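This report refers to the structure that appears directly beneath it.
The values are calculated or read from the model by the stated rules, or taken from the named source; none is laboratory data. All values reported here derive from a predicted model rather than from experimental measurement. Methodologically, a virtual Cβ is constructed for each residue, glycine included, from the backbone with ideal geometry; neighbour enumeration extends over all protein chains shown.
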Amino acid sequence: MITNEMSILKKSIFYIISSILLPLLVAEVALRVYDYFSPSHFFFHTQKARHKRYRPPGHSMHYNFRLNSDGFNDEEFSESKSPNTHRIVCIGDSFVYGIVPNENNFITVFEKTINSIMSNKIEAYNMGVVGIGPVEYLTIFAEEAMRYRPDEVFIFLYIGNDIVQSYKRKTYSYSYLASLYYYFREVYKFYKGKMKGRLWVGDIEYSEEDSNKPEDMNYIKKTQGWFIDPLFHFSSLRELKQQVKNTVYYIDRMKTISDKKGIVLKVFIIPDKIQFDRDLQKQLIANDKLSNDEYDFYQPNGLLHEGLTSLNISYFDFYASFKQEYYVKKLYRHNDIHWNIAGNEFATQKLIHEYINH
């Protein structure tokens, strides 16, 4: 009798567990199949596919501009190239992709302006993708940029996630279903249930908040995944040196490929606004409960300069120019790490000056 009851209990437990696990397994498989054909930012990807995780579908809208068929914020690219055309491929993250309308993006304006100055035709292909870093830059460089036969490649490094963001996997990321749950939980937490575009903007009207209120460090960190904590205080210098070394390693691999193919490679360093904004600096120091003399807000730039110079990699740092201009004109969106339209215009001026004179 007891044996029969135990048998029935085991079967009941088995059916209950199966009824729960089977739908979860089916959902897991379905998400993996979906992601295989249409890579999504919801899920952690292997190094091979990371450069596609945040890329919008081809022909999506970015404000009033339709992205090209590859999901880049540019016109359609062409593999053919006329003899008098000088082609530049620009690779980077959301700064290059642009958080302003396409017509105001500094890569777009650079191409338009430089062609009014130079005698030969200049093409600047925008291959910026939101949320990626040096590992993915290398993948885009090797797997996509090369087929367009560029004469030059510009790599734009942002003083932020390009240095400190690691790719250590969280346990839940091994499950696509769990990853989807954590993504939507994060969106709800940060946006109070309102879905905001984290990949691409969509067909909306561009606007900039004109606010004189101080920047809010915690708000920016929550809404944009702001990676700043280990960058500037001396206690993390050892860790930072290793991170910079890793960053430079991927740039060096691109330099090796470009040298073999006769392509000029140049790195442009994009500063973070906290390097100039005194209110944000005070918030960071107060949050870390350290003193002012334990911080150096130029620290990552200096290490990058050393690393790039040691490998004979050409670079230009926007830091000095933006620091000088920061309190003269608003160059960044309010409570946002990205340049506004004025910031893009200013970056264009410096990029053109550097291009013509060097």
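Take the residues in region 247-282 that are surrounded by 15 or more Cβ atoms within 10 Å (Cβ to Cβ) and polar (S, T, N, Q), then tell me which one is nearest to Thr348 (Cα to Cα).
Here the residue is Gln275.
Identify, please: which residue in region 41-86 is outside any loop (DSSP other than H, G, I, E, B) and within 15 Å of the chain's Cα centre (by Cα) and is, among those, modelled with the highest pLDDT?
This residue is Lys52.
Against the conditions (1) outside any helix (DSSP H, G or I); (2) in contact with a helix residue (DSSP H, G or I) (Cβ under 9 Å, 6 or more places away or on another chain); (3) modelled with pLDDT of 70 or more; (4) polar (S, T, N, Q), where does Asn218 fall short? Just the number, please.
It is condition (1) that Asn218 fails.
Give the residue, chosen from Gly71, Gly98, that is more than 19 Å from Thr348 (Cβ to Cβ), out of contact with any Leu (no Cβ under 8 Å at 6 or more places or on another chain) and not charged (D, E, K, R).
Selected residue: Gly71, the only one of Gly71, Gly98 that is more than 19 Å from Thr348 (Cβ to Cβ), out of contact with any Leu (no Cβ under 8 Å at 6 or more places or on another chain) and not charged (D, E, K, R).
Criterion first (touching a helix residue (DSSP H, G or I) at 6+ places or on another chain (Cβ under 8 Å), at pLDDT below 80 and assigned to a helix (DSSP H, G or I)) does Leu180 satisfy it?
Yes; evaluated as a whole, the condition is true for this residue.
Is it the case that some residue within region 326-342 is among the charged types (D, E, K, R), closer than 30 Å to Arg147 by Cα and buried (at least 16 other Cβ atoms within 10 Å of the Cβ)?
No: zero hits.
Filter region 140-161 down to the residues that are closer than 16 Å to Tyr249 by Cβ and crowded, with 20+ Cβ neighbours inside 10 Å, then identify the one that is modelled with the lowest pLDDT.
Among them, the one singled out is Phe141.
Inspect all residues belonging to region 307-315 and state whether any of them is closer than 20 Å to Val96 by Cα and out of contact with any strand residue (DSSP E or B) (no Cβ under 7 Å at 6 or more places or on another chain).
Taking every residue of region 307-315 in turn, none turns out to be closer than 20 Å to Val96 by Cα and out of contact with any strand residue (DSSP E or B) (no Cβ under 7 Å at 6 or more places or on another chain).
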